[in-house]
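Everything on this sheet refers to the single structure shown next.
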């Protein structure tokens, strides 16, 4: 079991999510027009998109690759976190107006309010706002979460305003969490909690696991809803890499030591660390 010394830093944050895409123009247009992200960088390596200079999503050309099958391991969704309900509402409106058919649902999770979409190549997206931490309910180390109905029209009527719409591209957003599809929840817990050093915050009937650092409700999650029994991923379109940032190089080095002790192959440059989870989801940990 992970010890206190082996836990990931409370200052951990989720960084850029890299996606391999088949149609760069269509995907870039979606993230700009539907989600209000701006192009921050453009090169042969792809397109970096974000807000206020912070890269959230990086689109990389995936020429010759196929879309993943529904039951494969990989990305469940990338979750963009907004500071205010009005900023969330403005982005939900933009996404719905761009292509309402890509809307997949909305939920009150007790700790947050969330709206779900797919991008044009089927990558899941969550847009959400956190309720204040002092309103979250904890039972020991487990945070209370639920999936309650949240009416999207009522939400927009309540929280949308002209200022939020006009400031769509300039209000801040971040990667709040990343949710993965995996083949086995106990194996995911062994890797993400016992080896990497996340803390388990809740689970769902052996079907999903939620983990975090520093008392957040979750920085990452893994589920088997579509992918139970899935083996290592093929090289497909979809998730390319998840970036996790930590405050200093000592944190990177300590994680490298834990991976080595667990016999997990990794590439450690000193400043950053690259490795794969048991389903070949690629992770990068760097000082941020």
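Among the residues of segment 174-200, those that are over 19 Å from residue 275 (Cα atoms) and crowded, with 22+ Cβ neighbours inside 10 Å comprise 175, 176.
The rows are residues; the columns are (1) surrounded by 22 or more Cβ atoms within 10 Å (Cβ to Cβ); (2) in contact with a helix residue (DSSP H, G or I) (Cβ under 9 Å, 6 or more places away or on another chain); (3) closer than 19 Å to residue 288 by Cα; (4) in contact (Cβ under 8 Å) with a residue 24 or more places away in the chain.
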site	(1), (2), (3), (4)
19	yes, yes, no, yes
25	no, no, no, no
28	no, no, no, yes
31	yes, no, no, yes
51	yes, no, yes, yes
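Which residues, taken from segment 246-277, are in a loop (DSSP other than H, G, I, E, B) and surrounded by fewer than 19 Cβ atoms within 10 Å (Cβ to Cβ)? Residues satisfying the conditions are 247, 248, 262, 263, 264, 265, 269, 270, 271. Filtering segment 221-242 for residues that are surrounded by 18 or more Cβ atoms within 10 Å (Cβ to Cβ), in contact with a strand residue (DSSP E or B) (Cβ under 7 Å, 6 or more places away or on another chain) and under 14 Å from residue 7 (Cβ atoms) leaves an empty set. Condition test on residue 179, is it modelled with pLDDT of 95 or more, assigned to a strand (DSSP E or B) and farther than 20 Å from residue 255 by Cβ? Criteria met by residue 179. For the condition within 18 Å of the chain's Cα centre (by Cα), part of a strand (DSSP E or B) and surrounded by fewer than 19 Cβ atoms within 10 Å (Cβ to Cβ), residue 105 qualifies.
Among residues of segment 92-111 that are at positive phi and modelled with pLDDT of 95 or more, those with a beta-carbon under 9 Å from a residue that is part of a helix (DSSP H, G or I) and surrounded by fewer than 15 Cβ atoms within 10 Å (Cβ to Cβ) at least six positions away or on a different chain give the pairs 110/135. For residue 87, indicate whether it is at pLDDT 95 or above, surrounded by 18 or more Cβ atoms within 10 Å (Cβ to Cβ), in a strand (DSSP E or B) and in contact with a strand residue (DSSP E or B) (Cβ under 8 Å, 6 or more places away or on another chain). Against the criterion (at pLDDT 95 or above, surrounded by 18 or more Cβ atoms within 10 Å (Cβ to Cβ), in a strand (DSSP E or B) and in contact with a strand residue (DSSP E or B) (Cβ under 8 Å, 6 or more places away or on another chain)), residue 87 does not qualify.
Take the residues in segment 115-133 that are in contact with a helix residue (DSSP H, G or I) (Cβ under 9 Å, 6 or more places away or on another chain) and part of a strand (DSSP E or B), then tell me which one is nearest to residue 148 (Cα to Cα). Selected residue: 115. Is it true that residue 153 is modelled with pLDDT of 95 or more and farther than 29 Å from residue 273 by Cβ? For residue 153, the condition - modelled with pLDDT of 95 or more and farther than 29 Å from residue 273 by Cβ - is met.
Picking from residues in segment 128-157 that are in contact (Cβ under 8 Å) with a residue 60 or more places away in the chain and more than 30 Å from residue 11 (Cβ to Cβ), the one that is surrounded by the most Cβ atoms within 10 Å (Cβ to Cβ) is 155. For segment 209-239, a residue qualifies if it is more than 25 Å from residue 11 (Cβ to Cβ) and in a strand (DSSP E or B), and the qualifying residues are 223, 238.
The values are calculated or read from the model by the stated rules, or taken from the named source; none is laboratory data. Here the structure is a predicted model, which is why all the values come from computation and not from measurement. Virtual Cβ from ideal backbone geometry, glycine too; neighbours counted across all protein chains shown.
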